[in-house]
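What follows draws every value from the coordinates through simple rules; no lab data is involved. Please read these numbers as outputs of a predicted model, since none were measured by experiment. In this analysis, Cβ positions are derived from the backbone assuming ideal geometry, glycine residues included, and neighbour counts consider all displayed protein chains.
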Amino acid sequence: MSEFWFYFTLGLEHVLDWQAYDHVLFIIVLCAAYSLDSWKRLLILVTVFTLGHTLSLFLTNYEVVSVSSTWIEFLIPITIISAALYNLATASREQERKSSMVLYAVTLFFGLIHGFGFGRYFNEINDDKEIWPLIEFALGIEMAQIIVVLAVVVIGILAKYLFRFNRRDWILVVSSIVIGMTLPMLIENWPF
């Protein structure tokens, strides 16, 4: 397998690994409030998350920043729950979501946190400290996230038409389920 495919596949597997589903939960809650009509905004949000994730891998890879894994493992579920709570608070206010630059900044920051969670492992496999593996890995992450986004959007469309969910109820249900799935992670990684 070529080096590109190795790192690209590693990025895919990093997101789609059901043993470490925190990344998938974050993407699900991030895109639960969006429909197919707003695919451009959603794609930008997911890409901003990938950029944050990649930036933290870069900072870790070149030993610019070192963050305690204890705190990162605690902060990852915090980011997921925070995004879900934001959805719960804004489920009825679509306009707020359209114009919120804060959402993009927070998504970038959350991407940084998630990237630090994978930084040590990535350093072990990229011991030459090359930049291309980071880019190839980021492309795999982006592709996997797009797969998750498409799945959530399609399931959202099915829920709307088959089960008569309205947009607000869909957001509330998905966000609540994600909070329920994330709370055990938060308790397990409680650092205090």
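A compact table of results
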| quantity | calculated |
| --- | --- |
| Residue-averaged 222 nm ellipticity for the chain, from DSSP H runs of 4+ at -39500 (n - 2.57), nearest 500 | -27000 deg cm²/dmol |
| Cα lying deepest toward the dipole's positive end in segment 3-188, options ALA105, LEU51, VAL174, charges on Cβ | VAL174 |
| GNM flexibility winner over the chain from ILE141, ILE44, ILE113 (Cα, springs under 10 Å) | ILE44 |
| Coil-residue GluC sites (Glu not before Pro) of segment 113-155, DSSP, other Cβ within 10 Å capped at 14 | GLU130 |
| Cα-centre dipole for the chain with unit charges at Cβ (Lys and Arg positive, Asp and Glu negative), debye to 20 | 1140 debye |
| Of the chymotrypsin sites (Phe, Trp or Tyr not before Pro) in segment 1-65, those whose Cβ has at most 14 other Cβ within 10 Å and which sit in DSSP loop | TYR62 |
| C-alpha long axis of helix 132-162 to longest principal axis of the chain, angle in ° | 10 degrees |
| FRET E, pair SER176, THR9, Förster distance 45 Å, beta-carbon r, rounded to 0.05 | 0.85 |
| With Cα atoms, 0 to 90° folded angle of helix 39-61 axis to the chain main axis | 30 degrees |
| DSSP loop trypsin sites (Lys or Arg not before Pro) with at most 15 other Cβ within 10 Å excluded, longest remaining stretch of the chain | 1-92 |
| Selected from PHE163, PHE137, PHE110 as most flexible by GNM, with the chain as the system and alpha-carbon contacts under 10 Å | PHE163 |
| Kirkwood Rh (inverse of mean 1/r, distinct Cα pairs), segment 3-188, angstrom | 16.8 Å |
